[in-house]
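Each reported figure results from applying straightforward, stated rules to the coordinates on display, with no laboratory input. Computed from a prediction, not measured in an experiment: that's the story for all the values here. Cβ placement follows ideal geometry from the backbone for every residue including glycine, while neighbour counts extend to all protein chains displayed.
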Amino acid sequence: MSAGPPYDIFPFPPLKYPWSSDTLIELLAEGYELTACCEVYGCGHQARVNLIALTRRLGPNHSSAAEEIAARFFCASCEQAGRKRGKLRFIVHVPLVTSAWPRRAKG
């Protein structure tokens with residue numbers, strides 16, 4: 001049986017306010033995305049992180065702090081060029097949902 005959307009794989013926590021992204025499952029629950037960026041001089045390679053795969057591997061309650069997950073990543077461009085592993089930074093992308101709600105009646 002193939003896995004469906006993330007909510008079929010992980011039980012999402014109830015959303016609370018003010019919202020915090022302390023764990024990987026909280027990032028997924030709100031629809032956030034993550035990009036890893038290499039900070040080696042002259043590289044600047046960026047790659048989108050598959051949060052579903054990362055959450056499966058590390059567990060839903062794993063910390064989403066950059067220091068906690070950075071050790072699991074490396075820059076493929078630097079690795080291919082034979083450079084030492086450098087520092088990575090992570091960008092959290094907020095979900096951009098456009099809505100036409102409420103729609104106004106025409107005419």
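For the reader, a short list of remarks on this structure follows.
- Label point of Ser20 set 7 angstrom out along Cα-Cβ; within region 54-86, amide nitrogens under 12 Å from it belong to 64.
- Length-normalised contact order of region 18-93 in % [C-alpha pairs under 8 Å, at least 6 apart]: 41 percent
- Highest average packing first - 21-29, 83-91, Cβ atoms within 10 Å: 21-29, 83-91
- 3J(HN,Hα) couplings calculated from phi for region 58-68 with the Karplus curve 6.51 cos²θ - 1.76 cosθ + 1.60 (θ = phi - 60°) are, in sequence order, 9, x, x, 9, 5, 4, 9, 5, 4, 5, 7 Hz; Gly and Pro show x.
- Extending 7 Å from the Cα toward the beta-carbon at both Glu39 and Ile52 defines two label points whose distance is 3.1 nm.
- Local electrostatic count at Phe90 - Lys and Arg +1, Asp and Glu -1, tallied over other residues with Cβ under 13 Å: 0
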